[in-house]
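Written below as structure tokens is the structure these notes are about.
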Amino acid sequence: MSSTEGAQAPGPGCSPGSQRLFQDRLSCALLLPLLLLPLLLLAWGLLLGRQRGVPPGPRPWPLVGNLGFVLLPAALKRWSSSLPSPLRCVPRPREPRLSSPQVILAHMARLYGPIFSFYLGPYLVVVLCDFHSVREALVQQAEVFSDRPRVPLISIFTKEKGIVFAHYGPIWRQQRKFSHSTLRHFGLGKLSLEPKIIEEFKYVKEEMQKHGGNPFNPFPIISNAISNIICSMCFGQRFEYNNGDFKKMLNLMSRGLEISINNQILLINICSWLYYLPFGVFKELRQIEKDLTIFLKGIIREHQETLDVENPQDFIDMYLLHMEEEMKNNSNSSFNEDYLFYIIGDLFIAGTDTTTNSLLWCLLYMSLNPEVQEKVHKEIEKVIGPDRAPSLTDKADMPYTEATIMEVQRMSVVVPFGIPHMTSEKTRKRVCMGEQLAKMELFLMFVSLMQTFTFTLPKDSKKPVMTGRFGLTLSPHPFNVIVSKR
Ligand code: HEM
């Protein structure tokens, strides 16, 4: 029997009878756990599925929870999809094209109701999937829902530092307060930042005009422009649109966010060592993390070498000065170089990818809906005219344009799963730190683009798939546009 192969046989002095007895016992000893294991796992699964107070959801598999689906070969997946819903690992919409994760969750909400749960490995995840429950949790009871859960994948990337994914506590409070007030010092949420955004648009215009009437992918131009705003505040510099190294960083960031919560990567939450596998998305993600780290640490080093104590130029300078000050007065200070690195990483990524994708969705929707684009053009002509640069003060007179931006944001949901929240007692509200900056960038860039150009899709191009490329952020599938000067 194969299960006894390799087991040590009794010595040559043993009788054939005692040899058989030994083999029988050995077989029993090996078989018993094998027979019991499925029963134990089933009981564990049933136990999990029956926890009191847990919102409804698909029955989890032992150990892998509802990630079991990822582990199945394709044929078994098809078979599992045809099972009655309680037996399925994760219910799937039948249309394969619709099976990106945010669509699966929306489908689950139809099956289980707007508040449902599933297991990410051993972790219970409760999903709020309608306006009322999200509002109740994140607005009306924000203080109770504002901590972040400990998720292995996130801990590997962030070492539980920075702002976005850090746990609530005195360190997060100090770091967030400092970061917010320093960004405000450099213009976050203030009209004084307007000229910088308008200035950046001039480069966007130049770059787009270089394409004449030819189709081009707007991603590299838009991401460079948006990133330059947060980079000027944090690093004190903008990057030229032909800077190959910076382009590479923007592409890596976008790719990293796309694969960071794909099915295979999520398995790291069950076995952390998978992160170190030398192939596939695991290897790719590690390389992206390494390249972005080298880039950001290089910028911090340059700042340390050239710091002018009397004349801090940007966020990093201010942080380094604050760090020195704290070191003199408080030996337990949380302000250190390591924390600076994670905060800079958060601001660079959160301040680039989200707004970039929002603006790209706006351009895509405008190209697909010329009648809406036309109405936006008309409103701009009426309120601003063809020559004056737009200002935030125009917003109040431009309800159609503002509603268009908001409707695109509603339809595209650029952070499709949000950032996970965890309940705890004494937190304070957790909200996007760059909301005002993002609104300002979106309005000024969108209006400037619409004031200058008409956007169309190339005549022979297929209609882009509008479900988007799922990741931590939801970006549109790559698309080409043609711009014509107005
Ligand atoms: C359209 C653009 C943007 C969208 C859709 C967006 C979305 C979000 C979301 C959903 C969160 C999680 C909030 C929560 O805990 O529930 C968040 C947090 C955050 N965002 Fe944004 N964001 C955008 C732009 C920006 C920009 C430009 C910055 C740059 C400063 C930024 C910095 C942050 C930071 C630092 C946090 C973490 C806040 C905390 O945990 O205390 N975001 N954002």
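The values are calculated or read from the model by the stated rules, or taken from the named source; none is laboratory data. Just so we're clear, the structure is a prediction, and the values are computed from it rather than from any experiment. Cβ sites come from the backbone with ideal geometry, for glycine too, and all protein chains shown count toward neighbours. All accessible areas refer to the heavy atoms of the entire protein, side chains included, with ligands and DNA or RNA removed. Shrake-Rupley method; radii C 1.70, N 1.55, O 1.52, S 1.80 Å.
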message: Would you confirm, using the coordinates I've provided, whether Ser448 is in a loop (DSSP other than H, G, I, E, B), in the same structural domain as Ile343 (by TED's automatic domain parsing), in contact (Cβ under 8 Å) with a residue 12 or more places away in the chain and more than 19 Å from Leu347 (Cα to Cα)?
response: no
- request: Working only within the stretch 441-472, note down all residues that are open to solvent by 30 Å² or more (accessible area, probe 1.4 Å), aliphatic (A, V, I, L, M) and within 16 Å of the ligand (Cβ to nearest atom).
  value: Leu472
task: For residues that are within 22 Å of the chain's Cα centre (by Cα) and among the acidic types (Asp, Glu), tally how many sit in the stretch 267-326.
output: 3
query: Name the pairs: first residue in the stretch 170-198 and more than 23 Å from Phe341 (Cα to Cα), second residue within 11 Å of the ligand (Cβ to nearest atom) and of a type in the set (S, T, N, Q), Cβ to Cβ under 8 Å, at least 6 apart or on different chains?
result: Gly189/Gln436
message: Any residue at all in the stretch 428-437 that's among the aliphatic types (A, V, I, L, M) and open to solvent by 60 Å² or more (accessible area, probe 1.4 Å)?
response: yes
Scan of the stretch 323-344 for residues that are more than 16 Å from the ligand (Cβ to nearest atom) and in contact (Cβ under 8 Å) with a residue 60 or more places away in the chain, ordered by number: Phe335, Asp338
Members of the stretch 101-123 found to be within 10 Å of Pro56 (Cβ to Cβ), surrounded by 18 or more Cβ atoms within 10 Å (Cβ to Cβ) and of a type in the set (Gly, Ala, Ser), listed by number: Ser117
message: Only one of Lys328, Lys297 is at pLDDT below 95 and either closer than 19 Å to Arg238 by Cα or open to solvent by 70 Å² or more (accessible area, probe 1.4 Å) (or both). Can you tell me which?
response: Lys328
field: Residue ID - nearest to Ala350 (Cα to Cα), chosen from residues in the stretch 126-167 that are touching a residue at least 12 places away in the same chain (Cβ under 8 Å) and charged (D, E, K, R)
entry: Lys161
- prompt: Does Gln304 satisfy the condition of being assigned by TED's automatic domain parsing to the domain that holds Ser223, at negative phi and in a helix (DSSP H, G or I)?
  reply: yes
- request: Please report, ordered by residue number, the helices (runs of 4 or more DSSP H) entirely within the stretch 143-256 with at least 2 residues that are at pLDDT 95 or above and within 12 Å of the ligand (Cβ to nearest atom).
  value: 170-185, 219-234
- request: Please identify the pairs in which a residue from the stretch 203-216 that is free of Cβ contacts under 8 Å to residues at least 40 places away in the same chain has its Cβ atom under 7 Å from the Cβ atom of a residue that is open to solvent by less than 40 Å² (accessible area, probe 1.4 Å), counting only partners at least 6 apart or on another chain.
  value: Tyr203/Ala225; Tyr203/Tyr241; Glu207/Ile221; Glu207/Tyr241
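Per-residue answers, yes or no, for (1) open to solvent by less than 10 Å² (accessible area, probe 1.4 Å); (2) out of contact with any His (no Cβ under 6 Å at 6 or more places or on another chain); (3) touching a residue at least 60 places away in the same chain (Cβ under 8 Å); (4) in the same structural domain as Gly189 (by TED's automatic domain parsing):
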| position | (1), (2), (3), (4) |
| --- | --- |
| Phe348 | yes, yes, yes, yes |
| Thr354 | no, yes, yes, yes |
| Trp361 | yes, yes, yes, yes |
| Asn369 | no, yes, no, yes |
| Glu374 | no, yes, no, yes |
| Lys382 | no, yes, no, yes |
| Pro390 | yes, yes, yes, yes |
| Ala396 | no, yes, no, yes |
field: Yes/no for Ser475 being among the polar types (S, T, N, Q) and either near the ligand (Cβ under 8 Å from one of its atoms) or crowded, with 21+ Cβ neighbours inside 10 Å (or both)
entry: yes
query: What number of residues in the stretch 241-261 are open to solvent by less than 40 Å² (accessible area, probe 1.4 Å) and among the acidic types (Asp, Glu)?
result: 0
